[in-house]
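Colleague: Mind having a look at this structure? Questions to follow.
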Amino acid sequence: MSTTDSYTVFSQADPFEHSPDFLHLLHQSFEGTAWGYSSQWKYNFPPEHLIKSYMAKTGKPTRDEIFSLYNWGPIYSYDEGAFLISNLYFAYYGVANGTNIAADFFGRIGYDALQKKAAQATLGVFPYAAVFGVRNSAVHAVPKDVLLKAVLEVRANNMAGHIMERLWFHLFGQPFIALGHPHETPA
């Protein structure tokens, strides 16, 4: 592996509940800047049929989740915890329901370029439990002061750790998903 292909794996202390094949997946070749090593938060969440269907259709060994930047919930299943986190975020930071949480958070940690990108988007993508790999070049591209501010936010409030859990891919350069609102007219 050349230096330009080197990568870092991020994982919780026990990744196996989220990624039963974690050790095997470490030997897989992945493309792109960042990739997930997990498919679930816990067994049957998201529902097993969603994971199996996705893997059968794509041939991929893992499944990342698509979620709303406004309520933190996944779009293919119900996640009560995600809605709790969004409510805690709104209350802690004193922002209104309907706020783009990703844009607001990136603004709070001083990542203005990413705040602007998030503000133009509707959805994000994350691997469950923040079990993922990322090219080292993408890690080095994030300003150190932004990483420090993110750590300080997480230390100030545990809820911010749940916010970061869904933002790691985007912090390391993965694009957000932009959808037009059905009631908006193009400029």
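The values are calculated or read from the model by the stated rules, or taken from the named source; none is laboratory data. As the structure is a computational prediction, the values presented were derived from the model and not from experiment. We place every Cβ from the backbone using ideal geometry, glycine too, and count neighbours over all the protein chains shown. Accessible surface is based on the protein model in full, side chains and every heavy atom, while ligands, DNA and RNA are left aside. Shrake-Rupley method; radii C 1.70, N 1.55, O 1.52, S 1.80 Å.
Colleague: Go through (1) in contact with a helix residue (DSSP H, G or I) (Cβ under 9 Å, 6 or more places away or on another chain); (2) part of a helix (DSSP H, G or I) one by one and return the number of the condition Tyr70 breaks.
Modeller: (2)
Colleague: Also, I was wondering about something else. So, in segment 52-84, of the ones that are of a type in the set (Lys, Arg) and either open to solvent by 20 Å² or more (accessible area, probe 1.4 Å) or under 24 Å from Leu152 (Cα atoms) (or both), which residue ends up nearest to the chain's Cα centre (by Cα)?
Modeller: For segment 52-84, the residue satisfying everything is Lys60.
Colleague: If you go through segment 34-51 one residue at a time, how many are in a loop (DSSP other than H, G, I, E, B) and open to solvent by 50 Å² or more (accessible area, probe 1.4 Å)?
Modeller: Here the count works out to 3.
Colleague: Give me the pairs: first residue in segment 13-25 and assigned to a helix (DSSP H, G or I), second residue of a type in the set (Lys, Arg), beta-carbon distance under 7 Å, and six or more apart or on different chains, which are they?
Modeller: Once the first residue is assigned to a helix (DSSP H, G or I) and sits in segment 13-25, its partners that are of a type in the set (Lys, Arg) give Glu17/Lys42.
Colleague: Oh, and also: Out of the residues in segment 100-146 that are polar (S, T, N, Q) and within 24 Å of Asn158 (Cβ to Cβ), state the one that is surrounded by the most Cβ atoms within 10 Å (Cβ to Cβ).
Modeller: My answer is Asn100.
Colleague: Yes or no: Gln12 out of contact with any Gly (no Cβ under 9 Å at 6 or more places or on another chain), open to solvent by 70 Å² or more (accessible area, probe 1.4 Å) and among the polar types (S, T, N, Q)?
Modeller: yes
Colleague: Of Asn97, Asn87, which residue is in a loop (DSSP other than H, G, I, E, B) and open to solvent by 30 Å² or more (accessible area, probe 1.4 Å)? Give the steps one after another, and end with the answer.
Modeller: Working: Asn87 fails: in a loop (DSSP other than H, G, I, E, B).
That would be Asn97, the only listed residue that is in a loop (DSSP other than H, G, I, E, B) and open to solvent by 30 Å² or more (accessible area, probe 1.4 Å).
Colleague: Can you find a residue that is in contact (Cβ under 8 Å) with a residue 12 or more places away in the chain, of a type in the set (D, E, K, R) and either in a helix (DSSP H, G or I) or under 18 Å from His162 (Cα atoms) (or both) anywhere in segment 119-136?
Modeller: No, there is no match, as no residue in segment 119-136 is in contact (Cβ under 8 Å) with a residue 12 or more places away in the chain, of a type in the set (D, E, K, R) and either in a helix (DSSP H, G or I) or under 18 Å from His162 (Cα atoms) (or both).
Colleague: Moving on to the next point. Considering only segment 87-97, I want to know if a residue exists there that is at pLDDT 90 or above and within 15 Å of the chain's Cα centre (by Cα). Lay out the reasoning, then the answer.
Modeller: First, pick out the residues of segment 87-97 that are at pLDDT 90 or above: 87-97.
Now drop any that are not within 15 Å of the chain's Cα centre (by Cα), which leaves none.
The answer is no, given that none of the residues of segment 87-97 is at pLDDT 90 or above and within 15 Å of the chain's Cα centre (by Cα).
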